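Bear in mind these aren't lab numbers, they're just calculated from the coordinates by the rules spelled out. Worth saying up front: this structure is predicted, and the values here are computed from it rather than measured. Quick reminder, even Gly has a Cβ in these numbers, built from the backbone with ideal geometry, and neighbours come from all protein chains shown.
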Amino acid sequence: MQDLIERAAQAIRTARKTIALTGAGISAESGIPTFRDPGGLWDRYDPEEYATIEAFRRDPGKVWRMMKDFTELKTALPNPGHFGLAHLEQLGLLHCIITQNVDNLHQAAGSRDVIEFHGNMRQVVCMSCRKVLPLDEISLKTLPSYCSCGGVFKPAGVFFGEPIPPYALYRSQEEAQSCDLILVIGTSAVVYPAADIPRVAKEAGAQVIEINPEHTDLTDWLADLIIQEKAGIAIPQIIAAIKAIAS
Ligand code: NAD
């Protein structure tokens, strides 16, 4: 494992432009269940009934009541994986993060350039006038909550059946095509189009480093270096190795 960590450190040090794609796994050590973990949110709630835009339009109050139950999303704090990526950015060794997560933990850890591919559940958006507000600025006493324009507020995460925010989609493609190293961290890489980002980078000539304790769809055919470890352990070790090389 130490050999793999040192190879990753060397690759990051010498790359011209490194980006990271993160998924639910990087927040698992912050106590937020991943999509497919046993005991996670989707064991309790059928995504078809709660996570699609049709379900929200059909019964916004029901989806909001489920959201209130997802307390981990409100109380979670960043872990060493999030802090490590923020540190890499400060060192000038990480250009940006493309995240599929909706938990705001990269920003809470201090990362500045975070492309939120699936929006952000700590904000709400009005379905009529598209005004965006922080979640804690609206009342959740009666659900759903309404905007002053009369429109219903929706959590600002991207629901199944909704388009990816155009800016996030455009920038992710740009960054994937112009990087020479992509770190793929804590994603099962099965939710498209996010799962396509490592392939776009690879086809443009980038190296792919995967950090994930489990085997994924990318492990066999796309990753050049596979670190089968938790993000909160592997990322600080890589940073320590980068510093050791530099000293
Ligand atoms: P996923 O649940 O499909 O896969 C999670 C991956 O993380 C798995 O491959 C697992 O092996 C790996 N993993 C688990 N613990 C890890 C750790 N400590 N370090 C590194 N890797 C670890 O998640 P996904 O691929 O992101 O897709 C799920 C979708 O659900 C995403 O689109 C995301 O928007 C959404 N989601 C977000 C959150 C969040 O914001 N925190 C949580 C759950 C789901």
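Per-structure values
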{"read-out": "Those residues of the stretch 178-201 which are closer than 21 Å to Leu88 by Cβ, of a type outside the set (Asp, Glu) and surrounded by fewer than 19 Cβ atoms within 10 Å (Cβ to Cβ), in sequence order", "value": "Ser178"}
{"read-out": "Members of the stretch 10-52 that are out of contact with any His (no Cβ under 9 Å at 6 or more places or on another chain) and polar (S, T, N, Q)", "value": "Gln10, Thr14, Thr34, Thr52"}
{"read-out": "Members of the stretch 177-214 that are more than 17 Å from the chain's Cα centre (by Cα) and without any contact (Cβ under 8 Å) to a residue 12 or more places away in the chain", "value": "Glu203"}
